[in-house]
1. I need the full set of residues from region 47-60 which are farther than 17 Å from Lys73 by Cα and open to solvent by less than 50 Å² (accessible area, probe 1.4 Å), in order please.
2. When residues of region 122-136 are filtered for being open to solvent by 60 Å² or more (accessible area, probe 1.4 Å) and not in a helix (DSSP H, G or I), how many remain?
3. Just a yes or no: is a residue in region 137-159 surrounded by 19 or more Cβ atoms within 10 Å (Cβ to Cβ) and among the basic types (Lys, Arg)?
4. For Phe67, work out the one condition from (1) at pLDDT 95 or above; (2) open to solvent by 20 Å² or more (accessible area, probe 1.4 Å) it doesn't fulfil.
5. Among the residues of region 84-99 satisfying the criterion of being surrounded by 12 or more Cβ atoms within 10 Å (Cβ to Cβ) and small (Gly, Ala, Ser), which is farthest from Ile41 (Cα to Cα)?
6. Of the conditions (1) among the polar types (S, T, N, Q); (2) in contact with a strand residue (DSSP E or B) (Cβ under 7 Å, 6 or more places away or on another chain); (3) not in a loop (DSSP other than H, G, I, E, B), Gln84 satisfies every one except a single condition; which number is it?
7. Considering region 100-121 alone, what residues qualify as being open to solvent by less than 40 Å² (accessible area, probe 1.4 Å), under 18 Å from Arg68 (Cα atoms) and in a loop (DSSP other than H, G, I, E, B)?
Amino acid sequence: PVEIGSDQSDENVSLCMQQGSVASDETKSAEQEQPSTDDVIVLYMIAAEGEMYQGYDMLQSLLSVGFRYGDKKIFHRHEQQNGQGQILFSLAQMVNPGCFDLANFGGCRAPGLVIFMQMSLVEDPMEVFDLMHASVGQMTKDMGGEIYNKNRDVLTPIGIADIRQRIA
């Protein structure tokens, strides 16, 4: 079983953020290349104990909520569900290597997923968070599991309010 308290998923978020920000190269600053933890909103989606998210079921759910496979071999949700426009938030595997092998996705098994957004790179962070939360909510309905906050506590209405307050 994957330890929810492990630092491996944090390393995956940092690696994904550092390997290429969602901003264009012209707009990157040193701060954007290594965003502060205050600027990043992270949610975890973790399968039930002893379960794994399965390749094609996972892919079907990801596509149904508008994620598209892309840069850094992870999934991104763009402004438009067809993959057009700015990247709003991204999704990676919670455990190493973090990225996905699309050619072998049918054999992919993941104990959890990490979904993250960088507030400073989106026009309306509150709206983007609401979309991110709704997307993860739909995916847990599709595939099971639980949603956790950045501290790996089950996400409750109070936790959602805390995130919204942080964004505001």
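1. Hits for region 47-60 are Ala47, Tyr53.
2. Total satisfying the criteria: 2.
3. First, pick out the residues of region 137-159 that are surrounded by 19 or more Cβ atoms within 10 Å (Cβ to Cβ): 139, 143, 145, 147-148, 150, 155.
After this cut, where a residue has to be among the basic types (Lys, Arg) as well, the list is 150.
So far as region 137-159 goes, yes, one or more of its residues are surrounded by 19 or more Cβ atoms within 10 Å (Cβ to Cβ) and among the basic types (Lys, Arg).
4. It is condition (2) that Phe67 fails.
5. Gly98
6. (3)
7. Phe100, Cys108
One line per residue, one yes/no per condition, for (1) part of a loop (DSSP other than H, G, I, E, B); (2) at pLDDT below 95:
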site: Ala23; (1), (2): yes, yes
site: Gln32; (1), (2): no, yes
site: Asp38; (1), (2): no, yes
site: Val42; (1), (2): no, no
site: Met45; (1), (2): no, no
site: Gln60; (1), (2): no, no
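The values are calculated or read from the model by the stated rules, or taken from the named source; none is laboratory data. Just so we're clear, the structure is a prediction, and the values are computed from it rather than from any experiment. Using ideal geometry, Cβ is built from the backbone for each residue, glycine included, and neighbour counts are taken over all protein chains shown. Please note that ligands, DNA and RNA were not included when accessible areas were found on the heavy atoms of the full protein model with its side chains. Shrake-Rupley method; radii C 1.70, N 1.55, O 1.52, S 1.80 Å.
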